[in-house]
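The values are calculated or read from the model by the stated rules, or taken from the named source; none is laboratory data. The structure displayed is predicted, hence computed values, not measured ones. Methodologically, a virtual Cβ is constructed for each residue, glycine included, from the backbone with ideal geometry; neighbour enumeration extends over all protein chains shown. These accessible areas exclude ligands, DNA and RNA; they are computed on the full protein's heavy atoms, side chains included. Shrake-Rupley method; radii C 1.70, N 1.55, O 1.52, S 1.80 Å.
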Amino acid sequence: MAEARFSCPHCGREQSVEVPTDRCLALHQCTACGAFVTPKAGDCCIVCSYSKARCPVSVRA
Ligand SMILES: [Zn+2]
C-alpha cells in the first residue's frame, strides 16, 4: 500500500488515502463529507483525478 494526498472534489478537504500498489483505486469515500468519489472520465483512479500524484499503476506503465 502507498499513501497519497487526496482532495475531495465535493468538500475540498485534503486527506490521505491508502492506495493499492497493484491496482487502481476507483472508489473512495471522503472521510470528511462522506461522499463517494469516482475518477474523472479518462482517469483510472481517484488519485490521478484528484491528487497531485499519479497512482502507482500509472507511474509504472
Ligand atoms: Zn468530501
Neighbours by Cβ (under 6 Å, 6+ apart or cross-chain): first from the stretch 6-21, under 17 Å from P39 (Cβ atoms); second in a loop (DSSP other than H, G, I, E, B) and open to solvent by 60 Å² or more (accessible area, probe 1.4 Å): H10/C33; Q15/T31; E18/M1
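Going by the conditions given, is S58 out of contact with any strand residue (DSSP E or B) (no Cβ under 9 Å at 6 or more places or on another chain) and not acidic (D, E)?
On the way: out of contact with any strand residue (DSSP E or B) (no Cβ under 9 Å at 6 or more places or on another chain): yes; not acidic (D, E): yes.
For S58, the condition - out of contact with any strand residue (DSSP E or B) (no Cβ under 9 Å at 6 or more places or on another chain) and not acidic (D, E) - is met.
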Boolean, C24 is within 16 Å of the ligand (Cβ to nearest atom) and assigned to a loop (DSSP other than H, G, I, E, B): no
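For the stretch 5-53, give me each residue that is basic (K, R) and within 11 Å of the chain's Cα centre (by Cα).
First, the residues of the stretch 5-53 that are basic (K, R): 5, 13, 23, 40, 52.
If the condition is that a residue be basic (K, R) and within 11 Å of the chain's Cα centre (by Cα), then R5, K40, K52 are the ones that fit.
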All but one of (1) in a loop (DSSP other than H, G, I, E, B); (2) touching a helix residue (DSSP H, G or I) at 6+ places or on another chain (Cβ under 7 Å) hold for G42; which doesn't? (2)
Under the condition of being open to solvent by 60 Å² or more (accessible area, probe 1.4 Å) and not in a strand (DSSP E or B), which residue from the stretch 1-20 is nearest to I46 (Cα to Cα)? P9
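Looking only at the stretch 27-43, count every residue that is more than 16 Å from the ligand (Cβ to nearest atom) and open to solvent by less than 60 Å² (accessible area, probe 1.4 Å) and tell me the total.
Residues of the stretch 27-43 more than 16 Å from the ligand (Cβ to nearest atom): 41-43.
Now drop any that are not open to solvent by less than 60 Å² (accessible area, probe 1.4 Å), which leaves 43.
Number of matching residues: 1.
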